[in-house]
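First comes the structure, then the notes that go with it.
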């Protein structure tokens, strides 16, 4: 039997529509088959679609899908899911805790118009031998590379980050999820771009999970725990980052772009 399910689209890490990173959010009364979740994400054709539903304990389980696969962690779609809960579904508590399959519980608090998310800290480690695919994929000589879930490539300046013209086919062959390029910012503590062609997302507009890697690097480099960050994609996005011993807290706003219904057979 077919049913109508509500779907939302939220621009995350933005204070106006057409900025930040768009994510679809689909609240579910019960889980659909994984194949159907993947089909919905493919049809949406956004970098992420977030699904949440109560688990057997009554807590909310949150999952994220790109157009081609499920991922272990996604920051902007978590913010988008929290936005839908608080702003559209009347969630009354001060914070929500999402359970996840791979990264444990994720806490999101409302802070005025912004949402504050606490994620695991992913401290990158220096890569002694730079993979050839990184220089080839970025089209530049690379001197400093670190790695965690993604490669982190440190460049001299914000202009260097802006001027990179990637070869996505080459980057897709690397052995990590994606490649972050970063540098000191002109008006923010640091800037970045994020390429994830292996997951069907050539350049992600604004990526919370990538800042779980880049923020710890810059916190150590700059000797400060609170930082401002800008992802300098075409859409751009602004984040506040606070780095502690074991976590990274990210803060940003969200804006509703669309609410509709999808027919599931």
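The values are calculated or read from the model by the stated rules, or taken from the named source; none is laboratory data. Just so we're clear, the structure is a prediction, and the values are computed from it rather than from any experiment. Note that we place each Cβ from the backbone using ideal geometry, even for glycine, and neighbour counts take in every protein chain shown.
General observations
- The residue of the stretch 144-154 that is surrounded by the most Cβ atoms within 10 Å (Cβ to Cβ), among those that are touching a residue at least 60 places away in the same chain (Cβ under 8 Å) and part of a strand (DSSP E or B), is 152.
- Against the numbered list (1) modelled with pLDDT of 95 or more; (2) buried (at least 19 other Cβ atoms within 10 Å of the Cβ), residue 201 comes up short only at (1).
- When residue 81 is tested against (1) touching a residue at least 24 places away in the same chain (Cβ under 8 Å); (2) surrounded by fewer than 17 Cβ atoms within 10 Å (Cβ to Cβ), only condition (2) is not met.
- Among the residues of the stretch 145-157, those that are within 16 Å of residue 215 (Cα to Cα) and touching a strand residue (DSSP E or B) at 6+ places or on another chain (Cβ under 8 Å) comprise 145, 146, 147, 148, 150, 151, 152, 153, 154, 155.
- Strands (runs of 3 or more DSSP E) wholly inside the stretch 158-265 containing at least 3 residues that are under 28 Å from residue 7 (Cβ atoms) and in contact with a strand residue (DSSP E or B) (Cβ under 8 Å, 6 or more places away or on another chain): 190-196, 201-204, 237-243, 247-264
- Options 150, 141; residue that is under 16 Å from the mean Cα position of the chain (by Cα) and outside the structural domain of residue 35 (by TED's automatic domain parsing): 150
- Checked against (1) outside the structural domain of residue 215 (by TED's automatic domain parsing); (2) on the phi > 0 side of the Ramachandran plot; (3) modelled with pLDDT of 95 or more, residue 104 meets all criteria but (3).
- Counting the residues of the stretch 118-143 that are part of a strand (DSSP E or B) and modelled with pLDDT of 95 or more gives 2.
- Selection count where residues are free of Cβ contacts under 8 Å to residues at least 40 places away in the same chain, within 19 Å of residue 34 (Cβ to Cβ) and surrounded by fewer than 15 Cβ atoms within 10 Å (Cβ to Cβ), scope the stretch 84-111: 1
- Scoring residue 60 on the criteria (1) exposed (fewer than 15 other Cβ atoms within 10 Å of the Cβ); (2) at pLDDT 95 or above; (3) farther than 22 Å from residue 235 by Cα leaves a single failure, condition (1).
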